[in-house]
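Peer 1: Pasting a structure below so you can have a look.
FYI, it's all coordinate maths here, none of it is from the lab. Fair warning: this is a prediction, and the values are worked out from it, not measured in the lab. Here the Cβ is made from the backbone with ideal geometry for all residues, glycine too, and neighbour counts use every protein chain on show.
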Amino acid sequence: MEAKHINLESKDILAINLKYYRHLAKLSQEKFAEAIDTSLIYINQLEKGKRNTSLEMLDRISISISNLLGKNISSSELIAYDEEKIIIAKRIDEVKKSQQINC
């Protein structure tokens, strides 16, 4: 089987991974921004792939995510593409509402 060629910039891959890890932590963007000690606007722009980040901030984000999830997430994992990390839900509270309705 031939591997798919994915043509994404690192900021787009970071966006996919940030959403994935934020959803694993079950946090809104606002709570996620607080945990990383940054602004909601900054996280929103990163998750939309509209902003680049520094290596220092990438390290800070990976440490914060590691602490939130209780497992080691390296900076390089934040910019490594994995199709399984693509999140469909737009908002964490939409996921919660749909789960409550189905109960």
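Peer 1: How would Glu56, Glu84 line up from fewest to most surrounding beta-carbon atoms within 10 angstrom?
Peer 2: Details: Glu56 9, Glu84 5.
Ordered from fewest to most neighbouring Cβ atoms within 10 Å, Glu56, Glu84 come out as Glu84, Glu56.
Peer 1: Same structure, new question: Please tell me which of these pairs span more than 18 angstrom C-alpha to C-alpha: Lys19/Lys85; Lys31/Lys85; Lys50/Lys71; Lys11/Lys31; Lys26/Lys85; Lys26/Lys71?
Peer 2: Lys31/Lys85; Lys50/Lys71; Lys11/Lys31
Peer 1: I need the phi-derived Karplus couplings for the stretch 44-56: 6.51 cos²θ - 1.76 cosθ + 1.60, θ = phi - 60°, integer Hz, Gly and Pro marked x.
Peer 2: Along the stretch 44-56, the couplings run 4, 5, 5, 5, 8, x, 9, 9, 8, 9, 7, 5, 4 Hz.
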